[in-house]
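Report on one structure; see the data block that follows.
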Amino acid sequence: MNQARRTTRLIRLLDRIEALGNRLPDPAVLFLVLLIAVWILSAALAPFSYSQIDPRTGAPLEIQNLATPSQVTHFLSGMVATFVGFHPLGVVLIAMLGIGVADHTGFIRTGLKALMNLTSKAVVTPMLLLIAIISHTAVDAGYVLVIPLGAVIFQAAGRHPLAGIAAAFAGVSGGFSANFVPSALDPMLQGITQAGAQIIDPGIELNPLNNWFFTSASTLLIVGLGWYLTDRVIEPRLSATALDGDLAQAPQITPLTADERRGLIAALATMGLALVALFASMLPEGSPWRAVDGQLTVGTAPLMRSIVPLIFLVFLIPGVVFGYVAKTIAGHRDLIAGMTQAMSGLAYYLVMAFFASLFIAEFGRSNLGALIALEGAALLKAAALPAFVTVVGVIVITGVINLFVGSASAKWALLAPILVPMLMQLGLSPDLTQAAYRVGDSSTNIITPLMPYFPLVVVFCQRYVKGAGIGTVLSMMLPYAIVFLVVWTGFLLAYWAIGLPLGLQASYAY
């Protein structure tokens, strides 16, 4: 009885959050309002001096007044470049061209029918969460690939598609630092951590996989938590949300026709051969996919820079093969129609991306985000808390700052020069500090509209529920964020107390 009452209260609370969130202006207008707020705040705070040292310049932090005539002209003259250079924009558009063809020819729908005919509905949620977590290896591919497919998979299984979006988003973004497959994020964060540690120990060197064991174990934790929340909290609440969007009609799970079976076999064989050829081309030491130092997974490696075009080809080519073999297309015009249809579905996202790109660029130029990050780190340092409480403080401060500064590397570049040396002086290793940062940085990704891909998730929801907005996504993702933050923090403390290794050549004490 008490459990039922608690569940009812939670559902009521989430309903209120959704209602309040959806009363906010349209996401595009919200970013415009935030842009104006940045101009006003930058003008108000620029005259003051700040004692915080900007680690990027080594000089005292300065707030840039963006309301001066020269800054206004700078904003206007760079508007086109800011929008075109908005990172998520190219990722979404290029990937969706290939996915659009694969969807238009029926390759994706047929593949999902075959998958659902073979997969127990009981394991759909953990399967989706695991795929979402693994997608981190392919940089931002999960946002444009796994999240919309999560909705399709859940709908095909007779479940609410928004629950599929929530589970996939929780895995892709909320569990961003839970992955047993190394990715470009590992050496990126390690490099920043090492630079911070060398402030007081110039000879220290850290392994790029210094958190690998912890993030691998965290994969099981996030899958388990996400599974429970999706099936017991999120989906029961969504059961009363009617589907009225363009994709409200669920695909029928029927046996494959002879043409569909032939097309799917041919398409999967083509995809398999392409992946084998790609893998074989990566193996030689002098492979053109490798960076200058021979690595494949660093950010400068051509392979990492080609992830999105590769996704485009991995869906385009099998989609074309399926279409011709299964006789779902007649010629090249059908392929162009598929691409056009995919682009038309992103019209609303383009509008939101325009205003989001301008806000994020101006917020960065103003240094307001840097001020928030540095003041938060200074507050934690001044508190002089016991060691384990300080680690919890790092997680909480990071989680709060993450609501305003989305980029994991940019945020850590600001925080590491303060937090890493501070905890080293308490006898705690840079490896532990980085692990704590990763927990806080991941957990709150899914509840900040300022995250560049958040508007895209809103668009995905609107395909099924026309009235979906910021409040809809916030109410779905808030339970994940809170539970991830609390339980993952406890998991790190327990992991530390037991003395399990964090990663390669990593330690807890300094």
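The values are calculated or read from the model by the stated rules, or taken from the named source; none is laboratory data. If you're wondering where the values come from, they're calculated on a predicted model, not measured in any experiment. Every residue, glycine as well, gets a Cβ built from its backbone with ideal geometry; the counts of neighbours run over all protein chains shown.
Restricting the search to the stretch 258-291, which residues are closer than 28 Å to R305 by Cβ, surrounded by 12 or more Cβ atoms within 10 Å (Cβ to Cβ) and not aliphatic (A, V, I, L, M)?
Within the stretch 258-291, T270, S281, S287, W289, R290 qualify.
For K327, which of the numbered conditions (1) assigned to a helix (DSSP H, G or I); (2) at positive phi fails to hold?
Every listed condition holds for K327 apart from (1).
I need the full set of residues from the stretch 291-324 which are in a helix (DSSP H, G or I) and among the aliphatic types (A, V, I, L, M), in order please.
Hits for the stretch 291-324 are L303, M304, I307, V308, L310, I311, L313, V314, L316, I317, V320, V321.
Under 8 Å between Cβ atoms, at least 6 apart or on separate chains: pull out the pairs that start in the stretch 238-266 with a residue that is assigned to a helix (DSSP H, G or I) and end on any residue that is among the basic types (K, R) and at pLDDT 85 or above.
D259/K327; G263/K327
Conditions (1) in contact with a Ser or Thr (Cβ under 8 Å, 6 or more places away or on another chain); (2) buried (at least 20 other Cβ atoms within 10 Å of the Cβ), marked per residue:
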| residue | (1), (2) |
| --- | --- |
| I200 | no, no |
| S218 | yes, yes |
| D231 | yes, no |
| A240 | no, no |
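Identify the residue in the stretch 250-270 that is at pLDDT below 90 and under 28 Å from the mean Cα position of the chain (by Cα) and, among all such residues, is nearest to V321 (Cα to Cα).
Here the answer is P251.
Which residue pairs have Cβ atoms closer than 8 Å, lie 6 or more positions apart in sequence or on different chains, and pair a first residue in the stretch 188-209 that is in contact (Cβ under 8 Å) with a residue 60 or more places away in the chain and assigned to a loop (DSSP other than H, G, I, E, B) with a second residue that is surrounded by fewer than 18 Cβ atoms within 10 Å (Cβ to Cβ) and among the polar types (S, T, N, Q)?
Filtered contacts from the stretch 188-209: I200/Q425; I204/Q198; L206/Q505; N207/Q505.
In the stretch 476-510, which residues are closer than 22 Å to Q194 by Cα, assigned to a helix (DSSP H, G or I) and either small (G, A, S) or over 23 Å from the mean Cα position of the chain (by Cα) (or both)?
Passing the criteria: only W496.
Taking A178 as meeting all but one of (1) surrounded by fewer than 23 Cβ atoms within 10 Å (Cβ to Cβ); (2) modelled with pLDDT of 85 or more, write down the number of the exception.
(1)
Among the candidates G294, G331, G376, which residue alone is within 24 Å of the chain's Cα centre (by Cα) and either without any contact (Cβ under 8 Å) to a residue 60 or more places away in the chain or within 20 Å of Q434 (Cα to Cα) (or both)? Even if it seems obvious, please write down each step before you answer.
On the way: G294 fails: within 24 Å of the chain's Cα centre (by Cα); G331 fails: within 24 Å of the chain's Cα centre (by Cα).
That would be G376, the only listed residue that is within 24 Å of the chain's Cα centre (by Cα) and either without any contact (Cβ under 8 Å) to a residue 60 or more places away in the chain or within 20 Å of Q434 (Cα to Cα) (or both).
Mind listing whichever residues of the stretch 442-457 are part of a loop (DSSP other than H, G, I, E, B) and touching a residue at least 60 places away in the same chain (Cβ under 8 Å)?
The initial filter retains those residues of the stretch 442-457 that are part of a loop (DSSP other than H, G, I, E, B), namely 444, 448-453.
The answer is P449, L450, M451, P452, Y453.
Give me the residue from the stretch 73-123 that is touching a helix residue (DSSP H, G or I) at 6+ places or on another chain (Cβ under 8 Å) and of a type in the set (K, R) and, out of that set, surrounded by the most Cβ atoms within 10 Å (Cβ to Cβ).
K113
Could you check the stretch 384-408 and list, in sequence order, the residues that are within 18 Å of M422 (Cβ to Cβ) and in a loop (DSSP other than H, G, I, E, B)?
The answer is A384, L385, P386.
In the stretch 392-401, is there at least one residue being of a type outside the set (K, R), loosely packed, with under 15 Cβ neighbours inside 10 Å and either more than 18 Å from L35 (Cα to Cα) or in contact with a His (Cβ under 9 Å, 6 or more places away or on another chain) (or both)?
For the stretch 392-401, residues of a type outside the set (K, R), loosely packed, with under 15 Cβ neighbours inside 10 Å and either more than 18 Å from L35 (Cα to Cα) or in contact with a His (Cβ under 9 Å, 6 or more places away or on another chain) (or both): present.
Does at least one position in the stretch 62-71 carry a residue that is among the acidic types (D, E), modelled with pLDDT under 90 and in a loop (DSSP other than H, G, I, E, B)?
no
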